[in-house]
């Protein structure tokens, strides 16, 4: 009975704290205070994890999956062998509930509070808003020209594809936010190395190019996908490390960090990422202007775009669709009404910035 009592007390405390989060999440001053208090904790975690080049997050996720399977199998065996099956079932169920609510509350505390605190737009005073077709065309044209210009400065293979070594990209990722920090000081933070995910191919099946893991504060990168957009993916996950929660804002911060980094592979990747979002928006609004902008691109830039499209086309499966729907609900659950579409909303921020 003592064990049951401990389970119930633990569940009651964490349930109360989780409920408290949901009650207070719309009180911005409270979320700001909690987020600010957690900054030293997150930086300490990222510093500890930075000791190793391996992804601690990947290890923890793999360990959690293995333990969950072990716990399930052992629970079934214990229930089948026990004379008092109901008692054993309740005991194992309570143990599982304790684990689930621990992870849920941890996510709410380490990540959820950031979504409800001051956003990048609140801190910068730069707000996303729509623009005219001409404004969209003008900014898309700028990005096409810059992508072509910087695309000529990076190493390429015999097929004309972006070919900067992955290790060089990772090594050069330190300091890429220095330019952005001058304009947006709140983006300042310690440089940490991006973590290469061993099971990157699996990430691709779930349609992920990278992820920020709140329990280790690591920026984890899919290294199986084409190289050209890996630098901007790194910058995106670094934005999350710097407290930018919303996806469209993290994309915007990543683009600004890349194009002001002074490092050719990052500059090109930033201009290329922005171009893709802008030209997709232009395509749906004015096809003729889209063609004009597209024709600006060099053969090398078009080769990188084709390679990226061909890579992701092979993962358009029910698994990726389910993954998108799950992540869409996750984002909406933390107040991002656009869900996965928020990745594309970066266009409005770019228009506001370059206007």
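The values are calculated or read from the model by the stated rules, or taken from the named source; none is laboratory data. Nothing here was measured: the structure is a model prediction, and the numbers come from that model. Cβ coordinates were reconstructed from backbone atoms using ideal geometry, including for glycine residues, and neighbour counts include every protein chain displayed.
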Let me spell it out: the conditions are (1) buried (at least 24 other Cβ atoms within 10 Å of the Cβ); (2) farther than 21 Å from residue 277 by Cβ, and residue 213 meets all of them except one. Which number is the exception? (1)
Would you check which residues across the range 54-99 are exposed (fewer than 12 other Cβ atoms within 10 Å of the Cβ) and under 30 Å from residue 221 (Cα atoms) and list them? 63, 65, 66, 67, 69, 70
Hey, does the range 118-127 have a residue that's out of contact with any helix residue (DSSP H, G or I) (no Cβ under 7 Å at 6 or more places or on another chain) and without any contact (Cβ under 8 Å) to a residue 24 or more places away in the chain? yes
Kindly establish whether residue 193 is part of a loop (DSSP other than H, G, I, E, B) and more than 20 Å from residue 276 (Cβ to Cβ). yes
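Conditions tested, residue by residue: (1) farther than 17 Å from residue 247 by Cα; (2) part of a helix (DSSP H, G or I).
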{"site": "110", "(1), (2)": "no, yes"}
{"site": "117", "(1), (2)": "no, no"}
{"site": "131", "(1), (2)": "yes, no"}
{"site": "138", "(1), (2)": "yes, yes"}
{"site": "146", "(1), (2)": "yes, yes"}
{"site": "150", "(1), (2)": "yes, yes"}
Which listed residue, of 297, 273, 282, is crowded, with 18+ Cβ neighbours inside 10 Å, in the same structural domain as residue 233 (by TED's automatic domain parsing), in contact with a helix residue (DSSP H, G or I) (Cβ under 8 Å, 6 or more places away or on another chain) and not in a helix (DSSP H, G or I): 297
Please verify whether residue 67 is part of a helix (DSSP H, G or I) and closer than 30 Å to residue 296 by Cα, treating the condition exactly as stated. no
Matching residues, the range 180-190, being touching a helix residue (DSSP H, G or I) at 6+ places or on another chain (Cβ under 7 Å) and assigned to a helix (DSSP H, G or I): 180, 181, 186, 187
Consider only pairs whose beta carbons are under 6 Å apart and that are at least six residues apart or on different chains; among these, list those whose first residue lies in the range 18-29 and is within 10 Å of residue 116 (Cα to Cα) and whose second residue is assigned to a helix (DSSP H, G or I) and at pLDDT 95 or above. 24/30
Given 166, 153, 229, which one is surrounded by 18 or more Cβ atoms within 10 Å (Cβ to Cβ) and modelled with pLDDT of 95 or more? 229
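Take residue 224 and tell me if it is more than 18 Å from residue 253 (Cα to Cα) and not assigned by TED's automatic domain parsing to the domain that holds residue 103.
Details: more than 18 Å from residue 253 (Cα to Cα): yes; not assigned by TED's automatic domain parsing to the domain that holds residue 103: yes.
Taking the combined requirement at face value, the residue satisfies it.
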Tell me whether the range 179-198 contains one or more residues that are at pLDDT 95 or above and at positive phi. no
What are the pairs, 6+ residues apart or on separate chains, where a residue within the range 64-88 that is more than 17 Å from residue 100 (Cα to Cα) has its Cβ under 6 Å from a residue that is part of a loop (DSSP other than H, G, I, E, B) and modelled with pLDDT under 95? 88/82
Limited to the range 196-233, what total is found for residues that are in contact with a strand residue (DSSP E or B) (Cβ under 6 Å, 6 or more places away or on another chain), touching a residue at least 60 places away in the same chain (Cβ under 8 Å) and part of a helix (DSSP H, G or I)? 2
Being closer than 23 Å to residue 95 by Cβ and surrounded by fewer than 13 Cβ atoms within 10 Å (Cβ to Cβ) is the filter; apply it to the range 9-27 and report the residue that is nearest to the chain's Cα centre (by Cα). 19
Of (1) in the same structural domain as residue 281 (by TED's automatic domain parsing); (2) touching a helix residue (DSSP H, G or I) at 6+ places or on another chain (Cβ under 7 Å); (3) more than 30 Å from residue 39 (Cα to Cα), residue 94 satisfies every one except (1)
